[in-house]
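Beneath this line is the structure, given in structure tokens, with notes to follow.
We did not get these values from a lab; they are worked out from the coordinates using the rules stated. Because the structure is predicted, anything quoted here is derived from the model rather than measured. Every residue, glycine as well, gets a Cβ built from its backbone with ideal geometry; the counts of neighbours run over all protein chains shown.
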Amino acid sequence: MSLEAFVQKQILGSYVGGEHLLHGEESPLVSPLTGRPWRSVSAITQDQVQRAITSSEEAYHSWKKVPAPERATYLRKMGDLILEHKALFANTMAHEMGKTVREGEGEAHYAAGYFHWFAGEAERIYGQTIPSQYPHKTLLVQKDPIGVCAAITPWNFPIGIPARKIAPALAAGCSILCKPSPECPLSMLMLAFLAEEAGLPPGLFNVLIGDEIIIGQALTTSPKVRKLSFTGICEVGRLLYRQSAETLKKLTLELGGHAPTLIFDDADLDKAVEGLLQGKLRNSGQTCVSPNRVYVQRSIQETFTERLIERLKALSIGDPLDPKTDLSEVLHPTSVEKIKIHLEDALSKGAEEIYSHPTVLTNITKEMLICQEETFGPVIPLIPFDRDEEGIALANDSPYGLAAYVFTESLQRARVVSQELHYGVIGLNDGVPSTPQAPFGGMRDSGFGRVGGPSGIEEYLVEKFISIG
Ligand code: NAD
């Protein structure tokens, strides 16, 4: 069967040990694009989740013995297959969560990039020999795969975020059980279909579709699962952290953010507007690294605002299936509701809407929800600042610590500000810093652990020290 034929399947069920489980309790999957049910979802049972964990364990014991260069070949093939089918992925994601097809194809490149990057990293899992204080001893350190891994992923990047977890796990020699968001099961199943086509053995990458509480409980409490990588909201991250405590799992938590953007008076304003909008409008503002607070140095505020609005007027907003669309309407019901609440709250507390669709607000105060919680939508609050130290303090005034952006042409300012910001990712004159080749992740309430980059594979490895006497 081709992937084109596979995506036509009307009932979507879990994929475990190379088999699709299609006889569970069925519920409709509604497309936010059309507002109508477009597939049915068959839920996995508690027993089947346990069987899936066993299947992953069996697959892990064989896979860890496969030589790294061979594992790399499968991963490279998987990346190539994602690229080959990027248009199909883009179309599916547009139906699942309303992303524009242009961005969906970009996400396919991003996802493929993780498979290609970690194919290389699989071959670079080096150990160490360490000189001993005793002449008769040799000290070796080797890095072993951590074991069976689990991934729980959100709806905003249906293949990009799973790829950041699946690729390093497989590269390290682990197996992985993935629970997609309820909105996006088909994208995840498409990845599993391509994994099979790439020649990866059954059971190595299992997909669990169904009740999040049942699946979450089983994955976090199973002693067989040694690692959980979660991406989603902070509250759920904390809950899964607590649930995983009993079995002492290694965790990666990629949680929410509240990214500040600092635009200094010496910034190249065209670059700053472009960078801000690249970050802000990607996925219609529904990203964890979306600029939520935009601090503009007072002396350039007027000019910057004029250029920003000029640029917003040129955007093409509308149908996500049209490749010319820059920005699709926000379709996810939670995002729609949150944006409404944030706007009403800001306007009731004195904010002024100076442009709408996408919305630009001024007269912002710290008490507004928009300054405290991620809005997850195309809303740009502009806040003036005077001295550099004030701007840095405002930017750092948040419990979150995922991404921050800085626009300046001064090397000295760039150096000082990047040092002072308490964020895991800094975009310096760059609105889209996330890339497979670099470590990405948060601090404080935005979680811990890194995806991508030279350290990304470490999350799926465990050091073993062998002392030879
Ligand atoms: P969410 O936390 O509601 O859901 C994420 C996943 O967790 C889904 O698969 C969901 O079914 C599952 N889940 C929810 N409750 C669960 C439970 N009790 N047990 C087990 N699983 C459970 O998040 P969302 O709305 O899908 O995603 C948006 C959030 O993700 C935003 O806060 C965004 O900032 C964050 N995010 C962070 C990053 C990052 O890199 N830090 C990247 C993308 C998104």
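A few points about this structure:
- The magnitude of the dipole of the range 137-199, with charges of +1 and -1 set on the Cβ of Lys/Arg and Asp/Glu and taken from the Cα centre, is near 340 debye.
- In range of the label at Q133: residues from the range 431-469 whose backbone nitrogen is under 18 Å from the point 7 Å along Cα→Cβ: 466-469
- If you sort the three axes of the alpha carbon gyration tensor as a ≥ b ≥ c, you get a/c of 1.5 or more for the range 306-345 and a/b no higher than b/c, which makes it oblate.
- Note that the range 184-274, at 25 °C in a medium of 0.890 mPa s, gets a Stokes-Einstein diffusion coefficient of 149 µm²/s from its Kirkwood radius over C-alpha pairs.
- DSSP-defined beta bridges in the chain - what % are antiparallel, rounded to 5: 40
- Stretch gain in nm, segment V416-S467, where the contour uses 0.36 nm per residue and the Cα spacing is subtracted: 13.9 nm
- Qualifying lysines (Cα of each under 28 Å from Cα of K224; at least 8 residues distant if same chain): K64, K65, K143, K165, K179, K249, K250, K464
- Only DSSP H runs of four or more residues enter the estimate; each adds -39500 (n - 2.57), and after division by the residues of the chain the mean residue ellipticity at 222 nm equals -12500 deg cm²/dmol.
- Centroid-to-centroid separation of the range 92-136 and the range 1-74 [C-alpha atoms, Å]: 21
- With the simple spin-label model, which puts each label point 7 Å out from Cα in the Cβ direction, the E389 to I214 separation comes to 5.9 nm.
- Rounded to the nearest 10 degrees, the angle from helix 411-420 to the longest Cα principal axis of the chain is 60 degrees.
- Antiparallel bridge percentage (DSSP; both residues within the range 312-469; nearest 5): 40
- With neighbours defined as other Cβ atoms within 10 Å of a residue's Cβ, the residues V273, V462 order from fewest to most as V462, V273.
- Across the options A87, A72, G98, the greatest Cα extent toward the positive end of the charge dipole of the range 1-98 (unit charges at beta carbon of Lys, Arg, Asp, Glu) belongs to A72.
- Net charge of neighbours whose Cβ lies under 13 Å from the Cβ of L139, counting Lys and Arg as +1 and Asp and Glu as -1: +1
- Near-label residues of the range 185-226 by backbone N, under 12 Å of a point 7 Å along Cα→Cβ of L22: none
- Tensor-based shape of the chain (alpha-carbon gyration tensor, a/c under 1.5 rounded, otherwise prolate or oblate): oblate
- FRET efficiency for Q278 and S62, using Cβ-Cβ distance with R0 set to 51 Å, rounded to 0.05: 0.75
- The charge dipole of the chain, taken about the Cα centre with unit charges on the Cβ atoms of Lys, Arg (+1) and Asp, Glu (-1), comes to about 1480 debye, rounded to the nearest 20.
- For S244, S455, order by how many other beta-carbon atoms lie within 10 Å, fewest first: S455, S244
- Cα gyration tensor shape for the range 1-93, rounded if a/c is under 1.5, else prolate or oblate: oblate
- Close Lys-Lys pairs in the range 282-421, where close means Cα under 23 Å and separation is 8 or more or interchain: 7
- Seen from P67, the other residues with C-beta closer than 14 Å to its C-beta sum to a net charge of +2, counting Lys and Arg as +1 and Asp and Glu as -1.
- Column: log10 I(q)/I(0), Debye, Cα scatterers of the range 299-399, q = 0.12, 0.15, 0.20 Å⁻¹: -0.47, -0.72, -1.15
- Taking only alpha carbon atoms, the range 102-148 gives an Rg to Rh ratio of 1.33, where Rh is the Kirkwood radius.
- Residue-count net charge about P202 - beta-carbon cut-off 11 Å; Lys, Arg +1, Asp, Glu -1: -3
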